[in-house]
Every structure is written in C-alpha cells, then in structure tokens.
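As structure tokens, the structure follows; a few thoughts come after it.
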Amino acid sequence: MVENRRLGDFFAHLILIAGVAIVAFPVYMAVVASTLDADTIANGQMGLLPGSHGLENYRRLLFEGTSYTTRAPVYGMLVVSLISALGIAIGKIAISLISAYAIVYFRFPLRMIAFWLIFLTLMLPVEVRIYPTYKIVADLHMLDSYAGLTIPLIASATATLLFRQFFMTVPDELAEAAKIDGAGPMQFFRDVLLPLSRTNLAALFVILFIYGWNQYLWPLLITTRDDMQPIVVGIKKIVSTHDALTEWQLAMATAVLAMLPPVLVVVGMQKMFVKGLVETEK
Amino acid sequence: MAGVLLDNVAKIYPGGVNAVRGVSFAVPDGGLCVLVGPSGCGKSTLLRMVAGLETVTSGAISIGARVVNDIEPMARDIAMVFQNYALYPHMSVYDNMAYGLRNLKTPEPEISARVRDAARILELSDEMLKRKPRALSGGQRQRVAMGRAIVRKPAVFLFDEPLSNLDAKLRVQMRVEIRRLQRRLKTTALYVTHDQLEAMTLADMLVVMNAGRVEQVGAPLELYERPATTFVAGFLGSPPMNFLNGKIEAQGLARMENGEALAYDAGHFGPPIGADIIAGVRPERTSFAAGEDGLAFKLELVEELGLGRLVHGRVGAAPYAVALPPGAPLPPGETARLAIAAGDVHLFDGKSGVRL
Ligand SMILES: Nc1ncnc2c1ncn2[C@@H]1O[C@H](COP(=O)(O)OP(=O)(O)O)[C@@H](O)[C@H]1O
Ligand SMILES: [Mg+2]
C-alpha cells in the first residue's frame, strides 16, 4: 500500500511538474530573449541562458522606445495600462456595489426590471456592442482619452450579481440592528456592508484588474496616439514591423513588463483573494 | 422611562397575511411584559412594530405619552435584542456596543464610561471587549447583544426570543440574569418567546397570543390559575392541562364522555344543565384514588422525571396525564381511579373553549 502511495505521489508530481514546465518554459524563454542583443536572436543563436544585454534592453525600451513602428517609450504604455486597469477595476467595483445595494436593500418602482436589465447586459460585452459604443465614444470626443479607455468597460453585470448574492446572505437583522442603532442607509453601507465585503472586494479587484490590464481590442480601436496606448496594444505593434526586422529582444522585454503588474497584484493580494473566494465572514 | 400602550394594533403584510388582528394592552412603566404564543402567532410582528421595523397597518402604538407609529426606530428610544444576536461581525465587542452611541454623537469619554459600565454589569472582561464577536461563545454573544441594548439607556427594551439559540442550561442561567438586570435597571421591557416556562418565570405581565389575537393578559400565576380559554389552559404549564369533554348533568356535576360523573365547583353562575363543556384538570392536581370512586384511568406509560413521575394514560378515549410527587406510589395495576377535587376542575364552553 505504502509503495503504491509513493508511486502515485511520484506520478502526480511528475505530471504537475510537466504542466508547470509547459507553462513556465515559454515565459522563461521570453525573459532570456529579453536579455540578448539583436544579432544573437536574428542569427538564431539563442540559447537557454540569459545574455548580458538585459539592463541595456530594458532601459532603452522603458525610456526611449523601439526604433521602428512605435517610438513611444514603454514606460508611458505602462502608465496608460495602469491607469486604465485601475480605473476599470475600481469603477466596476464602485458601480456594482452601489447597484447591488440598491437592488437588495431598497424597494423602488421597477426594481425587478432594473435587476433584469442589468442581468441582460451579461449578454452584451464590448465586443458585441463595439460599433455603437465606438460611435458614442467618438461623438462624445472621448477617443484617445482615459475616459474613453475606461468608462465603456465599467458597467458590470457579473460584479453586480456577485455583490447581490453576497448582500443577500447578510442577515436582515444586521440591517435592522443598524437601523435601531441610528445608522442611515449610507452609514449602514459604509460602516457595515462595505467592511463585510472586504474579502469579496479584494478577490474581485484582482480579477477585474487583470481584465482591465488585458484589454486589447477596445484600446486598439479608440486610441490613435502612441502616448495613449496600453502596453498590451504596444506589444503587438512592436512585433509587427512589416518591412523592418522585428526587435525581438525588445518585444520580449515588453511582454515581460506587461506580465509583471498582474503577477504583482495576484501575489500581493493572494491571501485576501483566496479568503474572498472560500470564506464568508458573517 | 416610559410605559408602552398598544391600542387595537393590526398588521396585514403586503402579501395579504393578517399577522396581527387588533391587539390592545398596556405595559406599565418598568414592567417586564412577556408575549408568548406558538410559532407564527404574530409575536415577532408585534414586537417589530413597536421597534419601528414594520409599519403599523392600523391602530396606535404609544411609548410614554407619544404615539410612535410614524417615528423612526432610532427616535423611539428603544433598544432591541435579536434571536441571532445580530452583532456586527467585523467590529470589536467594544465597537459593537459603542456604535449606536457614536451615531448619536455621544462624546467618546461618555461612550467609554457607558460601555465599561455595561461590560461590568454583564461580566464581560476588558480583554473580551477587544475581541470580535466570532471569538465569543453563544452566551457571551448574548451578553454583548444585551450590552449593546443597555448602553443606550433606552426607555424600552425589546427582546425577540433572545435565548432560543442557547443550550438548555445556559438558557436558564441567562433567563435569571435578564430578570435581574431588568429589575436593576427598572426599564420597561417587552419580551417575546414561544417557551411557556421562560414566559412564566420572567413575566410581571403575561400576554398569551394565538393566531394574531390576544387570548389573555395578566400576571403569570393568575393566568395559570384561571385561564380564560382552553388555549391558554393548554399552553401554560408543562405537562399541559388535561381536557375531557362532557355535559352538565346537574349544578356541580358533569357527565363525562365515558359515562362517569365528575364533580366541579358550581360557583355563582354555573353553566345551564345540558350544556356541552370541556373540563380541564392540571396533571399535578390529580392523584390516584384509594377507593372505587373517581374517573376510570387506563395506565399506558410512566416517565421518571427525578422531580417526580409523569403517568400517561387514558380516561375513556381521551389522553390524560397525572403528575405524581416523588415517592408517591404508582397504582398497582393497569387501571386505576382518579381523585380530582371539585375546586381543581376548570370548566370551558364545549364549542368556543371560553372559561365558564
Ligand atoms: N415579512 C413578512 N411578510 C409576509 N408575511 C410575514 C412576514 N413576516 C412574518 N409573516 C407572517 O406573519 C405571521 C406571524 O409571523 P411572526 O410574527 O414572525 O410570528 P412569531 O414570531 O409569533 O412566530 C406568520 O404567518 C408569518 O408567516
Ligand atoms: Mg418570531
């Protein structure tokens, strides 16, 4: 029996390690490639070990940009990405919190209709409504602006439903106790509901930040200026240079830089994220 | 300090459920009034109307001299203790108790003094004040919930089955504490429970409810000794009163369904001859007769309670229980005769169940 268990463990680990290798190897190769010089890659002499041009590559990329298609420094792209990802995540959370609060705790006319309308928008992600949305954003002169990058992506049925489910598990007596304690609706929201939603907020923030960070189609469509494009769009432009040679070492460095912030967010908020997914604190 | 007055209060929920149907009674200032009745009879609804958590469909509720029907809960000068405690899970015990006072813009030193005062009365240690509610036992949470109520120094305490989530032993202990606390603070209290023993032991004044109506109001012993209806008679007391159907044969004598006679105290205005009646006798007021007189009883089961014995059986077809004091002998055989004093027989109308 013990032998069997060991064998089982061994195979389980083997498979897991193989899985990790399959996922991690390309990432490793990207890191390696970002430390080589242009010639080494162009000649196909790329090995498994990092080269010595790492610092130089990253410095040039961050502050000067590539030589061809996009000349904007990646530093600017990171800022654009960060601002819009934060804007989208925070905006989505704020709006869904408030709408879920309204739907669960207030009796107003057409409440159920409002709920179902929100529900319906689940079927209308940006990709589906891209033309009308573009038209509106263009008419409002929001092209090439942070408002244009974030606002159309902020409404979120998923997050609203999530908070609605959570609020419905909060015992009614808590709201009643707060009422007797003299807390008005906004005070109850701020003093009781919000702190109780803390872990849910954190989990949702991680997911939405990554969602915002990874936006590609929408920013590609509405940004024309180099200094208003997020890094995910930037990678693509660095890679496709048409007539000139792609600077692969810089493209890879951009990819590495694009991966870092989401990774940092996940690592930084891991504890709360897991708590938010598994634990309900009531 | 204020009394509570309910004048023909009714509640119809939006769905059409008629939960409370015209309830009137007055709780004197400083009194502890217990609302008791089976589950679903409208006790919580009534209490929540007093708290201001439900609207009043018709009638008037007054606290002190003021009709409070349209006043916000906070402005009613009440505090409520919920069955599931409803403590704010993310706040420390201290903050839970302080929250209401902070909303009233009470100065912090005053809050601190009041919370510590309440904690001392309820025997909550300083260390416990720093904990979150989930790090407390059920009994301690219950105390915190009471602490939250008393720091406000309200005119009226409202309790909705505050002990139902505790185990039996703790329930008895907390029951005594609530009683002591209420006596000490002399604050008017309305207390809801479905447990008749809790109701009997706590109440200055007992209100028995059934299906949205008040069956009887009075002091616990008064209700126990002179129940106004078969409902009250059957609800108060454990084991409950025994009921036997019969007819009046002569003044002071009823003929029961099994054909035997039962003597009762005729009083001044006895029911007319021939009337259908229900005779009620408490198990502890029944014993076994030595002779051949009395109702025939068929023994079915004996329960040992330590405090005595409970003998279950039948009189005719009706179930009948006899509570024997410790040491009293059991009847020798399967059948016996019951000794019932005429003064211990309660008579109720055969149809309406109202006391005759
Ligand atoms: N919010 C509500 N909406 C509709 N009906 C309700 C509501 N709350 C209670 N009821 C109904 O009112 C009646 C009395 O309920 P309740 O006051 O909670 O009884 P109790 O506390 O005596 O058990 C029950 O029939 C219950 O189903
Ligand atoms: Mg109830």
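Given only helices, namely DSSP H runs of n ≥ 4 each adding -39500 (n - 2.57), what is the per-residue ellipticity at 222 nm of chain B, to the nearest 500 deg cm²/dmol? Walk me through the numbers on the way to the answer.
Working: 9 runs with 88 residues, N = 356.
Mean residue ellipticity, 222 nm, calculated: -7000 deg cm²/dmol.
Mind counting lysine pairs for me in chain B? Cα separation below 27 Å, and the two need to be 8 or more apart along the chain or on different chains.
18
Determine, from the Cβ-Cβ distance of B:R213 and B:K247 and an R0 of 35 Å, the FRET efficiency 1/(1 + (r/R0)^6), rounded to the nearest 0.05. Present the calculation step by step, with values, prior to reporting the outcome.
On the way: r = 28 Å, r/R0 = 0.81.
Once the sixth-power term is evaluated, E becomes 0.80.
In nm, give the distance between the simple-model label positions of A:L49 and B:D276, each being 7 Å from the Cα along the Cα-to-Cβ direction.
10.6 nm
Give me the residues in segment A:170-209 whose solvent-accessible area, probe 1.4 Å, is reduced by at least 40 Å² once all protein chains are included instead of the chain isolated.
The answer is A:E173, A:L174, A:E176, A:A177, A:K179, A:I180, A:D181, A:D191.
Quote the charge dipole size of chain B about the Cα centre in Debye, to the nearest 20; the model charges only the Cβ of Lys and Arg (+1) and of Asp and Glu (-1).
Result for chain B is approximately 1420 debye, rounded to the nearest 20.
So who's got an amide H within less than 5 Å of the one on B:L124, skipping anything under 5 residues away but keeping other chains? H placed 1.01 Å off N, in plane.
Correct list: empty.
Near A:K92, which lysines are there with a Cα under 29 Å away, not counting those fewer than 8 places off in the same chain?
Correct list for A:K92: A:K135, A:K179, A:K236, A:K237, A:K271, A:K275, A:K282.
Taking the Cα centre of segment B:242-349 as origin, work out the dipole magnitude from +1 charges on Lys and Arg Cβ and -1 charges on Asp and Glu Cβ, in debye rounded to 20. Each step should come with its number before you reach the end.
Details: 8 positive and 14 negative charges, 9 e Å.
Dipole of segment B:242-349, to the nearest 20 debye: 40 debye.
Scan segment A:74-180 for GluC sites (Glu not before Pro) in coil per DSSP, keeping those whose Cβ has at most 13 other Cβ atoms within 10 Å, and list them by number.
A:E127
Can you tell me the alpha carbon radius of gyration of the protein assembly as shown divided by the globular rule-of-thumb value 2.2 N^0.38 Å?
1.46
Please give me the summed charge of the neighbours of B:N8: other residues whose Cβ is under 15 Å from its Cβ, Lys and Arg +1, Asp and Glu -1.
+2
Quantify how much of the Cα-Cα distance distribution of chain A extends past 27 Å, in percent.
Numbers: 21969 of 39621 pairs.
Here the long-distance tail beyond 27 Å is 55 percent of all Cα pairs in chain A.
Mind checking the full-extension length gain between B:K132 and B:R102? Use 0.36 nm per residue of separation minus the Cα-Cα distance, one decimal, nm.
9.0 nm
With the other protein chains left in place, how much accessible area per residue, in square angstrom, belongs to segment B:209-356 at a 1.4 angstrom probe?
Accessible area per residue: 51 Å².
Count charges around B:D195 for me, please; just the other residues with Cβ under 15 Å from its Cβ, Lys/Arg as +1, Asp/Glu as -1.
Overall, the nearby charge balance is +1.
To the nearest 0.05, how large is the calculated FRET efficiency for A:L110 and A:K236 if R₀ is 56 Å and r is the Cβ-Cβ distance?
0.80
Add +1 for every Lys or Arg and -1 for every Asp or Glu among the other residues with Cβ under 13 Å from the Cβ of A:T158, and state the total.
Values: positive: A:K92, A:R164; negative: none.
Combined, the nearby Lys, Arg, Asp and Glu give +2.
Please report the antiparallel percentage of the DSSP beta bridges confined to the protein assembly as shown, to the nearest 5.
75 percent
Between the DSSP loop rule and a limit of at most 13 other Cβ atoms within 10 Å, which chymotrypsin sites (Phe, Trp or Tyr not before Pro) in segment A:73-179 are left? Please list the in-between numbers first.
Working: sites: A:Y75, A:Y101, A:Y105, A:F106, A:F115, A:W116, A:F119, A:Y134, A:Y146, A:F163, A:F166, A:F167; in loops: A:F106.
Qualifying residues, ordered by number: A:F106.
Report in % the part of the accessible area of segment B:4-235 that belongs to carbon and sulfur, leaving out ligands and nucleic acids; probe 1.4 Å.
52 percent
Specify which residue in the list A:T133, A:G44, A:F119 is farthest towards the positive end of the charge dipole of chain A, using unit charges on the beta carbon of Lys, Arg (+1) and Asp, Glu (-1), about the Cα centre.
A:F119
Could you run the numbers on buried accessible area between B and A, total for both chains, 1.4 angstrom probe, in Å² to the nearest 100?
Separately minus together, B and A give about 1700 Å² buried.
Counting only GluC sites (Glu not before Pro) that sit in a DSSP loop (anything but H, G, I, E, B) with at most 11 other Cβ atoms within 10 Å, what is the longest stretch of chain B containing none of them?
Details: sites that count: B:E123, B:E292, B:E334.
In short, B:124-291.
What does the charge dipole of the protein assembly as shown about its Cα centre add up to, to the nearest 20 debye, if the Cβ of each Lys and Arg holds +1 and the Cβ of each Asp and Glu holds -1?
Details: 60 positive and 57 negative charges, 176 e Å.
Roughly 840 debye, rounded to the nearest 20.
How much length, in nm to one decimal, is gained on full extension between A:D9 and A:D227, taken as 0.36 nm per residue of separation minus their Cα-Cα distance?
Answer, rounded to one decimal: 73.3 nm.
Most mobile of B:T188, B:T106, B:T55 per a Gaussian network model of chain B (Cα springs, under 10 Å)?
Per the Cα network of chain B with a 10 Å cutoff, B:T106 tops the list.
Where in segment B:4-111 are there trypsin sites (Lys or Arg not before Pro) that are in a DSSP coil and have at most 14 other Cβ atoms within 10 angstrom of their Cβ? Walk me through the intermediate numbers first.
Working: sites: B:K11, B:R21, B:K43, B:R48, B:R66, B:R76, B:R102, B:K105; in loops: B:K105.
Counting only loop positions with at most 14 other Cβ atoms within 10 Å, the trypsin sites (Lys or Arg not before Pro) in segment B:4-111 are B:K105.
Whole-Hz ³J(HN,Hα) for each residue in segment A:154-164, computed from phi via Karplus 6.51 cos²θ - 1.76 cosθ + 1.60 with θ = phi - 60°, x for glycine and proline: what do you get?
Result, rounded to whole Hz: 6, 4, 9, 5, 4, 5, 4, 5, 4, 5, 4.
With a point put 7 Å past each Cα toward its Cβ, work out how far A:L86 is from B:E334 in nm, to one decimal.
Between A:L86 and B:E334, the simple spin-label model gives 8.9 nm.
Using amide H atoms built in the peptide plane, which far-off residues or other-chain residues are under 5 Å from B:A289 H to H?
B:R337, B:L338, B:A339
For segment B:197-356, what mean projected area does the convex hull of the alpha carbons give, in nm²?
For segment B:197-356, the mean projected area of the Cα convex hull comes to 10.1 nm².
The values are calculated or read from the model by the stated rules, or taken from the named source; none is laboratory data. What you see is a predicted model; the values in this text were computed from it and never measured. All Cβ positions, glycine included, derive from the backbone under ideal geometry; neighbour counts span all protein chains shown. Areas reflect the complete protein model, heavy atoms only, side chains present, ligands, DNA and RNA absent. Shrake-Rupley method; radii C 1.70, N 1.55, O 1.52, S 1.80 Å.
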